[in-house]
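Trainee: The structure that follows is given in the form of structure tokens.
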Amino acid sequence: MPRMNAAQRHVVDFTLNGRNVRAQAENRMLLSDLLRHEIGLTGTHVGCEHGVCGACTVQIDGKPARACLTLAQQVRGSDVRTVEALSPDPAELSPLQAAFRRHYGLQCGFCTPGILMSLDALLREQPDAGMEDIREHLSGHLCRCTGYATIVEAALSAAEEQRKEEIPNA
């Protein structure tokens, strides 16, 4: 049986932030490396490289996932969203990002993209999310700067704004 070359590259076709992408990935290339180094989307941060800190969280088929634990090959045929997709206009902030700004939900910002991707998925799936839901979703994220209180406030504010937009004249 022939040995496979460790550096062999394969085509990975998937949807990235609403666009069809065809990328080349080595056998063991992680999704985080593909996004950052091959595609050039550096919003997905890499911290611990063990799936503990949550900084690399993206959405795969609408669900939060750790890009540092996902092989690039695994997203073949999937829909991947990164923090760059939160706002259709790069010059503007999404409602969730704006709430983080208003409530000082970030300091150094390293963990913020992963947190935003987890909370975006939560608020899309559960628009009436409360404090306990938000805290549970944040449990897989490490932030060494904020103490989480302002992050929770920002998420609650964004959830409230989202509910008002869904109910006309609220």
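Trainee: Divide the volume of the convex hull of the Cα atoms of region 111-170 by its number of residues and quote the answer in cubic angstrom per residue.
Mentor: 73
Trainee: Quick one: in region 9-85, what % of C-alpha pairs are over 15 Å apart?
Mentor: On the way: 1380 of 2926 pairs.
In whole percent, the share of Cα-Cα pairs in region 9-85 beyond 15 Å is 47.
Trainee: Given the DSSP H assignment, sum -39500 (n - 2.57) over each helix run of at least 4 residues in the chain and divide by its residue total; what's the result at 222 nm in deg cm²/dmol, nearest 500?
Mentor: -9000 deg cm²/dmol
Trainee: While we're on this one: With both bridge residues required to lie in the chain, what share of the DSSP beta bridges run antiparallel, to the nearest 5%?
Mentor: Looking only at bridges with both residues in the chain, the antiparallel portion is about 90 percent.
Trainee: Name the long-range amide H neighbours of Thr57: under 5 Å, sequence gap of 5 or more, or other chain; modelled H, no Pro or chain starts.
Mentor: Ala67, Gly114
Trainee: Arranged from highest to lowest average of other beta-carbon atoms within 10 Å per residue, in what order do the peptides 25-33, 153-161 appear?
Mentor: Numbers: 25-33: 19.4, 153-161: 21.0.
Averaged packing, sorted descending, gives the order 153-161, 25-33.
Trainee: Suppose we keep just the DSSP beta bridges with both residues in region 9-85; what percent of those would be antiparallel, to 5?
Mentor: 90
Trainee: Can you match mean projected area of the Cα convex hull in nm² to one of these, (1) 11.1; (2) 30.2; (3) 11.8, based on a calculation from the structure here?
Mentor: Matching the structure shown: (1).
Read-outs throughout are calculated quantities, based only on the coordinates presented, and are distinct from any laboratory measurement. Just so it is clear, the model here is predicted, and its values are computed rather than measured. Positions of Cβ are backbone-derived with ideal geometry, glycine not excepted, and every protein chain shown enters the neighbour counts.
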